[in-house]
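Engineer: I have a structure here, written as C-alpha cells, and I will follow up with some questions on it.
Just so it is clear, none of the values below were taken in a lab; they were calculated from the coordinates. Since this is a predicted model, take the numbers as computed values, not measurements. Cβ atoms come from the backbone with ideal geometry, glycine included; neighbour counts cover every protein chain shown.
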Amino acid sequence: MTGYLKAIVAVALLFPAASASAMDCKMLRTIVGAAGQDFENIKGPWESDWEGWVAKIVPPGSEKCRIADAESGGSSLSCQYLGLPTADAAIDKSDKLGRMVRACLSAQGDVEEKFLQGGVQEDNQYYMSKSHGTYVFDLDNGAVRIVVGSELHRSYDPKETIHSANFCVVTKPNLKRKPRCPT
C-alpha cells in the first residue's frame, strides 16, 4: 500500500459521512484504493454503448459511473451528476465535491491541488461544451489524478441545454494534457 493509500485510510476514519446523500471519505478511499488495481475490484458488467464497465460503486446523486481504459494507458472511473437545473447548481455541486475531496486529502502531504478557470471546451456545428471550472488533485507524484468540475452542454438541433457536474479518478494520467473527465 502506497503512502497515499495509507494516509487516505487514516483520513477517512477522521471524516465520517456527512450524510447518505453525498460522497464521503470512505467512498473516496474505496475508489482511490481501487485505482491501484485499475478498478478491477469495482468493475461491474460491460456496457457496450459506453465502451466501458459499469462501476459497482456509484456516489449518491450521480448517474451510473463508467470505468474505461484511459488514453494515457491507465484506467479511469468517471461519474456524472446530470439533470442539474442551472449552471449555478452545477457549479455548487462541483464546489461541494471539490471541498469534500480536499478535506479527505488534507492530511496527505504529496497531493498537488489546483483550480483551473473554465472556458469553452468544444464548439462545433452540433453542440457547444463549456467548463465552469475544474478542481485537479494529483496524488503520488501524478500516478493518480482526481478531477472535479462542472459544465454546460448545449446542443443546437434539437436545442437542449444540460448542466452537469463531473467526478473522475484517472490512473497514469497524461499530466501534459488539460485535465478533463472522460465522458
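Engineer: Scaled to the compact-protein estimate 2.2 N^0.38 Å, what is the alpha-carbon radius of gyration of the range 38-183, rounded to two decimal places?
Structural biologist: The reported ratio for this selection is 1.03.
Engineer: How large is the dipole of the range 73-152 about the Cα centre if only Lys and Arg carry +1 and Asp and Glu carry -1, each at its Cβ, rounded to the nearest 20 debye?
Structural biologist: So the dipole magnitude of the range 73-152 works out to roughly 180 debye.
Engineer: Here's a follow-up. Specify which residue in the list 153, 90, 105 is farthest towards the positive end of the charge dipole of the range 32-183, using unit charges on the beta carbon of Lys, Arg (+1) and Asp, Glu (-1), about the Cα centre.
Structural biologist: 105
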